[in-house]
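The values are calculated or read from the model by the stated rules, or taken from the named source; none is laboratory data. Predicted model only: the values in this text are computed from it and were never measured. Quick reminder, even Gly has a Cβ in these numbers, built from the backbone with ideal geometry, and neighbours come from all protein chains shown. In case anyone asks, the SASA skips ligands and DNA or RNA and just uses the protein heavy atoms, side chains included. Shrake-Rupley method; radii C 1.70, N 1.55, O 1.52, S 1.80 Å.
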Amino acid sequence: MLDTRMRAALGPALDSAGRRLARAGVPPTALTGAGWAAGAGACAATALRAWPAALVLWLANRLLDGLDGPTARAAGRSSEAGGFLDIVADFSVYAGIILGLAIAVPQARLACVALLTAYYISGTAFLALSSLAERRRVRLGDERSLRFVGGLAEGTETIAVYILLFLLPGHAVLITWAFTAVVAVTAAQRVVIGVRLLREPAGTTPTGLPGGGGTRRHPGTPPIPPARPTA
């Protein structure tokens, strides 16, 4: 829900940093790998109830994740492989932190299972819709490798919720259940959008996509070319 605004606010700074890193010869995949390592550390710190360390490592993970794409574009090294590794790294860290939370806070385990289930459904709908949009040559979202469609819970909301979990672990049960509901709504949004897209003739995109993604085209107009892959 907030990703478009956040990317607009932080995009210029991240692009500038990406250009500097590209000039310094930093490989985008190294940033992806370092970000994943920081995220894995955040998962372990969560399981060990080392909340300050988990918070710092989580923020480092998000920063590095925000830099690999701009660095790849600035270096002219954008690739589908980079985008694939990026999304796998993201999803593994998102789930790993919740697994760590279930270990650290036993009373939150049911909520964690419910959240992981909601993640699974939402992620499946997201990836299926991304593949479908690519097949139909419909642009959803921005210049990232996969076709992103917005929803109530996006990356910005996930960052905020995990920060709350690290700062307020005593309220982990309430926070996790509340976020589960939000992710479930997002999953339902994506399922509805996917069904609408499937039912429409090729060459059109459903209007009213959450997050402002997508462009409506009428039958008979040329298809929008796919976005350039990025890391």
**OP:** Could you tell me whether any residue of the range 107-115 is at pLDDT below 95 and in contact with a helix residue (DSSP H, G or I) (Cβ under 6 Å, 6 or more places away or on another chain)?
**Re:** no
**OP:** Scan ALA81, ALA118, ALA104, ALA125 and give me the residue that is under 23 Å from LEU64 (Cα atoms) and not basic (Lys, Arg).
**Re:** ALA81
Original post:
Which of the residues spanning the range 49-63 are part of a helix (DSSP H, G or I) and either modelled with pLDDT under 95 or among the charged types (D, E, K, R) (or both)?
Top reply: ARG62, LEU63
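Checking the conditions here, which among THR46, THR71, THR32 is open to solvent by less than 50 Å² (accessible area, probe 1.4 Å), at pLDDT 95 or above and hydroxyl-bearing (Ser, Thr, Tyr)?
On inspection, the qualifying residue turns out to be THR46.
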**OP:** Hey, could you check the range 76-93 for residues that are assigned to a helix (DSSP H, G or I) and open to solvent by 40 Å² or more (accessible area, probe 1.4 Å) and say which is nearest to ALA45 (Cα to Cα)?
**Re:** SER92
Original post:
For the range 51-68, what are the residues that are within 26 Å of LEU174 (Cβ to Cβ) and surrounded by 18 or more Cβ atoms within 10 Å (Cβ to Cβ)?
Top reply: ALA54, LEU55, LEU57, TRP58, ASN61, ARG62
**OP:** Pull up the range 94-124, narrow it to residues that are among the small types (Gly, Ala, Ser) and open to solvent by 20 Å² or more (accessible area, probe 1.4 Å), then point me to the one that is farthest from ALA47 (Cα to Cα).
**Re:** ALA114
Subject >> Single match in LEU129, LEU197, LEU165 (criterion: modelled with pLDDT of 70 or more, touching a Pro at 6+ places or on another chain (Cβ under 8 Å) and not small (Gly, Ala, Ser)) >> reply: LEU197
Subject >> Residue count for the range 75-91, restricted to those that are at pLDDT 85 or above and within 18 Å of GLY11 (Cα to Cα) >> reply: 1
